[in-house]
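The values are calculated or read from the model by the stated rules, or taken from the named source; none is laboratory data. If you're wondering where the values come from, they're calculated on a predicted model, not measured in any experiment. Heads up, the Cβs are rebuilt from the backbone with ideal geometry, glycines too, and the neighbour counts pull from every protein chain shown. With ligands, DNA and RNA removed, areas are computed over all heavy atoms of the protein, side chains included. Shrake-Rupley method; radii C 1.70, N 1.55, O 1.52, S 1.80 Å.
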Amino acid sequence: MIYFDNSATTPIFPQALDTYVKTSQRIMGNPSSLHDLGTQATRLLNQARNQIADQLAVSSKEIFFTSGGTEGNNWVLKGTALAKKEFGNHLIISSIEHPAVSETAEQLKQLGFEISIAPVTAEGFVDVDELKKLIRKETILVSVMAVNNEIGSMQPIEAISAILADFPKIHFHVDAVQALTKVEKTRWLTPRVDFATFSAHKFHGPRGVGFIFWREGRKLAPLMNGGGQEHGQRSGTENVAGIVAMARALRLAFEQKENKPNHVACLKNYLLEALASYEKVTIFSKEEHFAPHILCFSLKDIRGEVLVHALEEKQIYVSTTSACSSKKQAASSTLHAMNVPHSLATSAIRISLDESNTMAEVEQFLIVFHQLYQKFSKIN
């Protein structure tokens, strides 16, 4: 099996799974309980929070646990809307955001908030000048992802941060789900970023757990009310085993990246060069200003799901751009925002790599792809 769908989800590290199992078996207490078993659980939560904060070089007071990226994105957008509605009702997102952001914004629109969509260039980068024009006195939040999940374009977070330096009251949120452990932190967690969202299963942690970075001093209303967990900001009994396993997975992911600093980029560049030689292939993920782990391309006249299933028959697993839209057989929203013709957008597939992938797997993929390319050319 060759697994090239790491942007959809990554296999859990065996060490992180071991941590999850042992924590589940040994730590039975509820962190909110006053007795020793509860204290043990609380101690583990605090250790995990400190470990994650250390990896990001932020304060542990700025780390809040969630169920993943979708909850985090919903929390920041809706929480900002609730907390700052007396100051304004206008939010700005980009045209290539993940559905967890774009659909949340749409729901806020139905509730009376105003949403502006910042366009992107033909290459898939937010047009910073156009975004700046959308800012007005009622604007309370700007949300732009760090790395696009479909084509891997690294968004100009630093340039947007520079613009928002003149608007200190506007919340700046970055969906960093595809960036953590893949792209240098300085590219997307600038001093101007107020909130960032993360999901454990994107860096070999368990599914169903994540966290947000919440810069101290910013206001955010809670979405989950009840027992007052997470300093009263996110109620609900904490997923202790998942959180502890996530902290370990994050540390291991950083160590893996340190041991193989250019490995993924080398694999992607090799694939880029090979695929570019095919006349009917259109590549959307270039080398410069794109994340090293994502490669999106189209094979002319062949729908993406056809190529995905053809590769699957050879036990090679890729996806049709976003995993969240692939089962709906929806064309890439990112490619449409880039004004890519519909026929090409519906033909797009995404390869997403990881440090565990090898050059031998890349070579095998290219052999199979060449065979399929010839087969489809004959049929056409």
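Return a yes/no flag: does the stretch 293-310 have any residue that is in a helix (DSSP H, G or I), charged (D, E, K, R), more than 30 Å from residue 211 (Cα to Cα) and open to solvent by less than 50 Å² (accessible area, probe 1.4 Å). Lay out the reasoning, then the answer.
Keep residues of the stretch 293-310 that are in a helix (DSSP H, G or I), which gives 304-310.
Imposing the further condition that a residue be charged (D, E, K, R) reduces the set to 305.
With the extra rule that they be more than 30 Å from residue 211 (Cα to Cα), the set shrinks to 305.
Checking the rest, the ones that are also open to solvent by less than 50 Å² (accessible area, probe 1.4 Å) come to 305.
Yes - at least one qualifying residue is present in the stretch 293-310.
Please return the ranges of helices (runs of 4 or more DSSP H) entirely within the stretch 43-157 where 3 or more residues are within 29 Å of residue 232 (Cβ to Cβ) and modelled with pLDDT of 95 or more.
Working: elements: 69-84, 99-110, 128-134.
Correct list: 69-84, 99-110.
Condition test on residue 243, is it of a type outside the set (Gly, Ala, Ser), touching a Gly at 6+ places or on another chain (Cβ under 7 Å) and either in contact (Cβ under 8 Å) with a residue 12 or more places away in the chain or surrounded by 15 or more Cβ atoms within 10 Å (Cβ to Cβ) (or both)? Give the derivation first.
Values: of a type outside the set (Gly, Ala, Ser): yes; touching a Gly at 6+ places or on another chain (Cβ under 7 Å): no; either in contact (Cβ under 8 Å) with a residue 12 or more places away in the chain or surrounded by 15 or more Cβ atoms within 10 Å (Cβ to Cβ) (or both): yes.
When the stated conditions are applied, residue 243 does not pass them.
Going by the structure shown, is residue 235 closer than 19 Å to residue 101 by Cα and among the polar types (S, T, N, Q)? Spell out the reasoning first.
Values: closer than 19 Å to residue 101 by Cα: no; among the polar types (S, T, N, Q): yes.
When the stated conditions are applied, residue 235 does not pass them.
What are the pairs, 6+ residues apart or on separate chains, where a residue within the stretch 20-32 that is without any contact (Cβ under 8 Å) to a residue 40 or more places away in the chain has its Cβ under 6 Å from a residue that is aliphatic (A, V, I, L, M) and open to solvent by less than 60 Å² (accessible area, probe 1.4 Å)?
Listed by first residue and then by second, the contacts come to 29/41.
Return yes or no: is residue 161 more than 20 Å from residue 71 (Cα to Cα) and in a strand (DSSP E or B)? Reasoning before the result, please.
On the way: more than 20 Å from residue 71 (Cα to Cα): yes; in a strand (DSSP E or B): no.
Criteria not met by residue 161.
Output yes when any residue across the stretch 227-237 is touching a Leu at 6+ places or on another chain (Cβ under 8 Å) and of a type in the set (S, T, N, Q), and no when none is. Can you show your working first?
Taking the stretch 227-237 as the starting set, the residues that turn out to be touching a Leu at 6+ places or on another chain (Cβ under 8 Å) are 233-234.
Keeping just the survivors that are of a type in the set (S, T, N, Q) gives 233.
The answer is yes, given that some residue of the stretch 227-237 is touching a Leu at 6+ places or on another chain (Cβ under 8 Å) and of a type in the set (S, T, N, Q).
Filter the stretch 49-68 for residues that are among the hydrophobic types (A, V, I, L, M, F, W, C) and touching a strand residue (DSSP E or B) at 6+ places or on another chain (Cβ under 8 Å); which is surrounded by the most Cβ atoms within 10 Å (Cβ to Cβ)?
From the stretch 49-68, those among the hydrophobic types (A, V, I, L, M, F, W, C) are 52-53, 56-58, 63-65; that's our starting set.
Filter once more, keeping what is touching a strand residue (DSSP E or B) at 6+ places or on another chain (Cβ under 8 Å): 52-53, 56, 58, 63-65.
Working: 52: 22, 53: 18, 56: 18, 58: 18, 63: 22, 64: 21, 65: 25.
If we take residues in the stretch 49-68 being among the hydrophobic types (A, V, I, L, M, F, W, C) and touching a strand residue (DSSP E or B) at 6+ places or on another chain (Cβ under 8 Å), then 65 is surrounded by the most Cβ atoms within 10 Å (Cβ to Cβ).
Restrict the check to the stretch 321-344 and report whether at least one residue is modelled with pLDDT of 95 or more, β-branched (Val, Ile, Thr) and in contact with a strand residue (DSSP E or B) (Cβ under 6 Å, 6 or more places away or on another chain).
No, the stretch 321-344 has no match at all.
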